[in-house]
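Below is one structure; the comments refer to it alone.
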Amino acid sequence: MRDAFVAELSHLAEQDPSVMLVTGDLGFGVLTDFARRFPNQYLNAGVAEQNMAGIAAGLAIEGRRVFTYSIANFPTLRCVEQLRNDVCYHRLSVTVVAVGGGFAYGPLGFSHHATEDVAIMSALPGMRVMAPNDPIEARACTRLCGSFDGPTYLRLGRNGERRIHPESLASLQEGKLIHVAGSSDAPVALVAACGALDIAAETADLLRRSAIGVSLWACPFIAPFDHDGVRRLASDADLLVTVEEHALIGGLGTRCAHAIAALTGRHARHLGFGIPPEPQHAVGDQHYLRSRVGLTAERISETISAALPSMYR
Amino acid sequence: MGSEAITAAKLALRIRCHAIRMTSKGRSSHVGSVLSCADILATLYACVMRVRPAEPTWPKRDRFIMSKGHAGAGVYAVLAEMGFFPIERLDTHCQNGSALCGHVAVHGIPGVEFSTGSLGHGLPVATGMAYAIKARGEDCRTFVLLSDGELDEGSNWEAFLFAGHHRLRGLCAVIDYNKIQSLASVSETLALEPLADKFRAFGWVVRECDGHNHMELSAALGAESIDAPIVVIANTVKGRGVSFMEHSVLWHYRSPQGEELAAALAELEGVSHA
């Protein structure tokens, strides 16, 4: 996702000289080419995220389209008040980019697990929040940033994620669910965000092998959120299952549950899979930490099978 | 005194009188903070900054950010006196439905560049503005007024480091150095001295002056040919101009009412007739 972002940002910078990348002294080997190609559109603010966010606001007031860049929780939680007061209150065109969402920096420990970022960023007034699932979504979301006015949070994985979408999502529409596979009248609707589409896709494969009908959806847009799209899924399905590499509170699952709660007729039951709201002390890579919190296709498909009405078992 | 200083003196007095009335009617805090920086605001707007009240977003204007946003009444007063909006609007300060809140807000108020209220935000934003202006090759200046207590916020020192490193000529930080912060004196809370040395060590040009002397302020706030940001340490008195408010932590919070209101205005208006 990281390389997809930088490639697309370079394209944006080429087209629009107001585009400016401000890094918090991170991006070794990743931003080098951008800095060389666009020296007047690149700035290293140093290890100082509060100042980076304030500077981004100041640059944006003066007409620049700013992208701040760092890893894990540094460009978000470390400077959340600057984002709220300086960027959001003034509706400035600043896109905050965090690399290493979820457990991407797993072995580095709790400080480097970005697991509540989407909840906190999407609570900020006027903040767009995009949490793509794979490099294709990451590139398409970055492209959208080039046309957005106002504050945006772009939450990326690290690098080398499996590509799930077969095509480039050239016509990606902001705030809409992306259909990946399966019929929308299937009894199970699987929706993924925050880099978890690979888990959801694997879960869908397991369920299909058990002859359980599944539709698969990607939902990189947490804010604005596709309430209507989710309600349609919930009206047609028996189970609406959300999978996200993010805390269970305040992310995709919470958004879906909120959307479904407004339905008056028969609707699907919601099952949410994510990270429990407690500090993870375990040490390990992304795959290992996912499995520690139950974010595996095996665990999710078993839970879904058990939860389905008996006629589908 | 030159004519500029006389204008600044009159403007400062009006800012003080407005602030007393606004914080009284609005039953709001921080009148002592406004009185402390009234002369700085008056000198900036009367003598130093290039602004066009009829064209608040004139691209070549100098920018001003009030980082000590709790003294917002002073910003509203100086802008109204300069003609950015009608003086009558000051009566709505802190009233239901008004645009003029207790801290500085940008929405619907011509002349305000940026909203503040949480300390430690103004300097980083001003730094970003100054960086962008310098990159465009323009000579507009960016002023930011900070309180001394506000310097406790680490975000300021990130910005001091950045602006010094990038030699942001055109950026001017002003410290309203009244030596009193929210609960006690600065020296009892988190001592700042040697303050000038700290700024010099961060690569800034330092100027010190009497923060109530308009001639000294005007000279200190003037443009600098050296390729570096400027910080003006303005030595001030909290509550300046109203004897019973001077040097007092109480008037960081208290809203003047009844006899206090009358006494404060009488003292200020007495000065105006002297």
Original post:
In segment A:2-155, with Lys and Arg counted as +1 and Asp and Glu as -1 at Cβ, which of these residues, A:74, A:125, A:63, has the Cα nearest the positive end of the dipole, that is, farthest along it?
Top reply: A:63
**OP:** Could you state the angle between the C-alpha long axis of helix A:197-209 and the longest principal axis of the C-alpha atoms of chain A, as a value from 0 to 90 degrees rounded to the nearest 10?
**Re:** 20
**OP:** Determine, for A:110, A:103, A:34, A:273, the number of other Cβ atoms within 10 Å of each Cβ, and report the residues in order from fewest to most.
**Re:** A:110, A:34, A:273, A:103
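Hey, what number do you get for the protein assembly as shown at 222 nm if only DSSP H runs of n ≥ 4 count, each worth -39500 (n - 2.57), divided across all residues, to the nearest 500? Write down the numbers at each step before the final one.
On the way: 19 runs with 208 residues, N = 587.
For the protein assembly as shown, the value works out to -10500 deg cm²/dmol.
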Original post:
Ranked highest first by average number of other Cβ atoms within 10 Å, how do B:112-121, B:195-204 line up?
Top reply: B:112-121, B:195-204
**OP:** Could you pull out every residue, at least 5 positions away or on a different chain, whose amide H is within less than 5 Å of the one on residue A:237? Hs are placed 1.01 Å off N in the peptide plane, and Pro or chain starts have none.
**Re:** A:268
Original post:
Considering only Cα-Cα distances, which of the following residue pairs are longer than 26 Å: B:25/B:238; B:68/B:198; B:25/B:60; B:60/B:198; B:10/B:68; B:134/B:238?
Top reply: B:25/B:60; B:60/B:198; B:134/B:238
Subject >> For segment B:132-233, the spread of Cα positions along each principal axis, largest first, Å >> reply: 44, 31, 20
**OP:** Within a 10 angstrom radius of each residue's Cβ in A:203-213, how many Cβ atoms of other chains show up on average? Whole number is fine.
**Re:** 0
**OP:** Compare the Cα positions of A:201, B:130, A:214 along the charge dipole of the protein assembly as shown (+1 at Cβ of Lys, Arg; -1 at Cβ of Asp, Glu; about the Cα centre) and return the one farthest towards the positive end.
**Re:** A:214
Subject >> Rounded to the nearest 20 debye, dipole of the protein assembly as shown from Cβ charges on Lys, Arg, Asp, Glu >> reply: 720
Subject >> Unit charges on C-beta of K, R, D, E only; dipole of segment B:126-175, Debye >> reply: 420
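Normalized C-alpha radius of gyration of chain B, against 2.2 N^0.38 Å? Intermediate results must be reported in sequence, preceding the final value.
Numbers: Rg = 17.4 Å, N = 274, 2.2 N^0.38 = 18.6 Å.
Dividing the Cα radius of gyration by 2.2 N^0.38 Å gives 0.94.
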Original post:
With the Cα gyration tensor of segment A:178-306 giving a ≥ b ≥ c as the square roots of its eigenvalues, does the rule (a/c under 1.5 for rounded; else a/b larger than b/c for prolate; else oblate) give rounded, prolate or oblate?
Top reply: oblate
Subject >> Exposure proxy ranking, count of Cβ atoms within 10 Å, fewest first, for A:285, A:238, B:148 >> reply: A:285, A:238, B:148
**OP:** Amide H neighbours of residue A:180 under 5 Å, at least 5 residues apart or on other chains, H built in the peptide plane: list them.
**Re:** A:216, A:217, A:218
Subject >> Shape category assigned to the protein assembly as shown from the gyration tensor of Cα positions, a/c cut at 1.5 >> reply: prolate
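According to the square roots a ≥ b ≥ c of the eigenvalues of the Cα gyration tensor, what is the shape class of segment A:35-158, taking rounded for a/c under 1.5, prolate for a/b larger than b/c otherwise, and oblate for the remainder? Could you put the intermediate results ahead of the total?
Numbers: a/c = 1.34, a/b = 1.28, b/c = 1.05.
Verdict is rounded for segment A:35-158.
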**OP:** Report, in whole Å, the centroid distance computed from the Cα atoms of segment A:267-285 and segment B:136-212.
**Re:** 45
Original post:
Using the count of nearby Cβ atoms within 10 Å as a rough guide to exposure, how do A:172, A:216 rank from fewest to most?
Top reply: A:172, A:216
Subject >> Dipole of the protein assembly as shown, positive end: most advanced residue of A:9, B:12, B:213 [Cβ charges, Cα centre] >> reply: A:9
Original post:
How many angstrom lie between the C-alpha centres of segment A:37-113 and segment B:9-64?
Top reply: 33
Original post:
Rounded to the nearest 5, what is the percent of antiparallel bridges among the DSSP beta bridges in segment B:3-273?
Top reply: 5
**OP:** With +1 on each Lys and Arg Cβ and -1 on each Asp and Glu Cβ, and nothing else charged, work out how big the dipole of segment B:3-273 is about its Cα centre, in Debye to the nearest 20.
**Re:** 620
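None of the figures in this text is laboratory data; all of them are computed from the coordinates on show. What you are looking at is a predicted structure, and each value in this text was computed from that prediction instead of being measured. Every residue, glycine as well, gets a Cβ built from its backbone with ideal geometry; the counts of neighbours run over all protein chains shown.
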